[in-house]
């Protein structure tokens, strides 16, 4: 699937579904579930690598996981979900040239067809404009931006009138410069709803209400694989508890069937 297909989905009124994946096993599951887009999110820094934020993950690690995700897809190229990869922290904040090299590496050496960047400050806008001019599709991301955790934390964003006006203006700017879609994370639903009706590009919500053109979720959250869940991603199934119980039952079963040592007979001793 090409990135521009998401715009056609919005025009047709078709809801867009996006799920994260981090390896071939998870991408195969997400593809089988019928998701339109597989996002290789930098959240894998936390879910897979065990960090407390998304900041430590490197470009090389993102490439490694994106390659694995691509290998997990089994449909024909035309029917495969679109793979979008997050550009990790410091791969685009240090200038346009570095950003083009980072994004180009991901698209050249993996099955990703687009990248996602956080924010819309003037420096980021310049980077996005350059990427799009170079033929690299970009998905925008506003609201709660995890790479700005030390500044914003993980709290809900754009709650004041002034912040909402700023976010709306940023969204309009991202559409104007050529982003093919926009993720809005953890913001008031009324703001996301307004932008969904205003923008021609798809608005993808996560903790932004249901009145968006699509939704994105971290697959590990929906499957209940983690100890802590964000307030806007309730698990569909308690997979962590189910797995622990199943494995514990297996371990206990094997322990209960351990062989009991026996004293060899005199005949057995004489055989040695």
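Hey, among 78, 161, which residue is at pLDDT below 95, surrounded by fewer than 21 Cβ atoms within 10 Å (Cβ to Cβ) and either out of contact with any helix residue (DSSP H, G or I) (no Cβ under 7 Å at 6 or more places or on another chain) or at negative phi (or both)?
The unique qualifying residue is 78.
Please report, ordered by residue number, the helices (runs of 4 or more DSSP H) entirely within the range 160-230 with at least 2 residues that are farther than 30 Å from residue 244 by Cα and either under 20 Å from the mean Cα position of the chain (by Cα) or without any contact (Cβ under 8 Å) to a residue 24 or more places away in the chain (or both).
Hits in the range 160-230: 161-177, 189-198.
Can you confirm whether residue 43 is more than 24 Å from residue 131 (Cα to Cα), under 14 Å from the mean Cα position of the chain (by Cα) and modelled with pLDDT of 95 or more?
No, not satisfied.
Just checking, does the range 246-254 include any residue being surrounded by 13 or more Cβ atoms within 10 Å (Cβ to Cβ) and part of a helix (DSSP H, G or I)?
Scanning the range 246-254 turns up no residue that is surrounded by 13 or more Cβ atoms within 10 Å (Cβ to Cβ) and part of a helix (DSSP H, G or I).
I need the full set of residues from the range 120-137 which are in a loop (DSSP other than H, G, I, E, B) and either out of contact with any strand residue (DSSP E or B) (no Cβ under 7 Å at 6 or more places or on another chain) or within 24 Å of residue 70 (Cα to Cα) (or both), in order please.
Correct list: 121, 134, 135, 136, 137.
How many residues are in contact with a helix residue (DSSP H, G or I) (Cβ under 6 Å, 6 or more places away or on another chain) and modelled with pLDDT of 95 or more if we restrict to the range 46-62?
Of the residues in the range 46-62, 6 are in contact with a helix residue (DSSP H, G or I) (Cβ under 6 Å, 6 or more places away or on another chain) and modelled with pLDDT of 95 or more.
Tell me, yes or no, whether the range 91-106 has at least one residue that is surrounded by fewer than 17 Cβ atoms within 10 Å (Cβ to Cβ) and assigned to a loop (DSSP other than H, G, I, E, B).
Checked the range 91-106: at least one residue is surrounded by fewer than 17 Cβ atoms within 10 Å (Cβ to Cβ) and assigned to a loop (DSSP other than H, G, I, E, B).
Residue check, residue 122 against (1) out of contact with any helix residue (DSSP H, G or I) (no Cβ under 8 Å at 6 or more places or on another chain); (2) more than 18 Å from residue 93 (Cα to Cα); (3) at pLDDT 95 or above, all met but one. Which one?
Result: residue 122 fails condition (2) only.
Taking the conditions exactly as written (farther than 17 Å from residue 137 by Cα, out of contact with any strand residue (DSSP E or B) (no Cβ under 6 Å at 6 or more places or on another chain), touching a residue at least 12 places away in the same chain (Cβ under 8 Å) and surrounded by 14 or more Cβ atoms within 10 Å (Cβ to Cβ)), does residue 27 satisfy them or not?
So residue 27 fails the test.
The values are calculated or read from the model by the stated rules, or taken from the named source; none is laboratory data. These numbers were taken from a predicted model, which means no experiment stands behind them. Note that each Cβ is placed from the backbone with ideal geometry, even for glycine, and that neighbours are counted across all protein chains shown.
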